[in-house]
1. With θ set to phi - 60° and the Karplus curve 6.51 cos²θ - 1.76 cosθ + 1.60, what are the ³J(HN,Hα) couplings of segment 60-65 in order, to the nearest whole Hz, using x for Gly and Pro?
2. Among DSSP bridges having both ends in the chain, what percentage is antiparallel? Round to the nearest 5.
3. Across the chain, how many lysine pairs separated by 8 or more positions, or lying on different chains, have Cα atoms within less than 24 Å?
4. Using a 1.4 Å probe on the protein chains only, how many percent of the accessible area of segment 1-62 belongs to carbon and sulfur?
5. Taking all pairs of different Cα atoms in the chain, averaging 1/r and flipping that mean, what Kirkwood radius in angstroms comes out?
6. Could you give each residue of segment 23-33 its phi-based ³J(HN,Hα) in whole Hz, using Karplus coefficients 6.51, -1.76, 1.60 with θ = phi - 60°, and x for Gly or Pro?
7. Hey, what do the phi angles of segment 44-50 turn into as Karplus ³J(HN,Hα) couplings, whole Hz, using 6.51/-1.76/1.60 and θ = phi - 60°, x for Gly and Pro?
8. Counting only residues 5 or more places away or on other chains, whose amide H sits under 5 Å from the amide H of MET32 once H atoms are built in the peptide plane?
Amino acid sequence: MLNIYICEDVEIQRNKLRKIIENIIVMEELDMEIISVTENPHEILDNAKRTEEVGVYFLDIDLKTDMDGLELANIIRKYDPRGFIVFVTTHSELSYMTFQYRLEAMDFILKDDGDEMIRHRIYLHLK
């Protein structure tokens, strides 16, 4: 089973991601479970530390907390080195930072791409 984590500071975006992922899991009968949907990066880390299951992490970059999504992903790598990281953000100018941090992110999805494109890109990462 794959554990799914969503860290997004904007409630509307957070709920939208959750709904898209829930629908894909149900429609495709995937062996996945959403473990955490939050604006708090520390909650994501606490959950990732407590399990040995591989996770799929959908992270915003600008979390407006003491930790941004890049720092969060960097720490996640310590606890879940085989986890799948997908950034969902409006900050396309920061995509190069994923290489500098050596995060091995699977994707960098732009929120401005439209709902259908976002849904399609998320679907590709869950299949």
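1. Computed from phi, the couplings for segment 60-65 are 7, 8, 8, 9, 6, 9 Hz.
2. In the chain, DSSP labels about 0 percent of beta bridges as antiparallel.
3. Here the count comes out as 11.
4. Of all accessible area on segment 1-62, carbon and sulfur atoms account for 44 percent.
5. Every distinct Cα pair counted, the radius reaches 14.3 Å.
6. With coefficients 6.51, -1.76 and 1.60, one gets 4, 5, 4, 5, 5, 9, 6, 7, 8, 9, 9 Hz.
7. Result, rounded to whole Hz: 4, 4, 4, 5, 5, 5, 7.
8. Counting only residues 5 or more places away or on other chains, the set is LEU2.
The values are calculated or read from the model by the stated rules, or taken from the named source; none is laboratory data. None of the values given here were measured: they were computed from a predicted structure. FYI the Cβ positions are ideal-geometry reconstructions off the backbone, even for glycines, and counts take in every protein chain you see. Please note that ligands, DNA and RNA were not included when accessible areas were found on the heavy atoms of the full protein model with its side chains. Shrake-Rupley method; radii C 1.70, N 1.55, O 1.52, S 1.80 Å.
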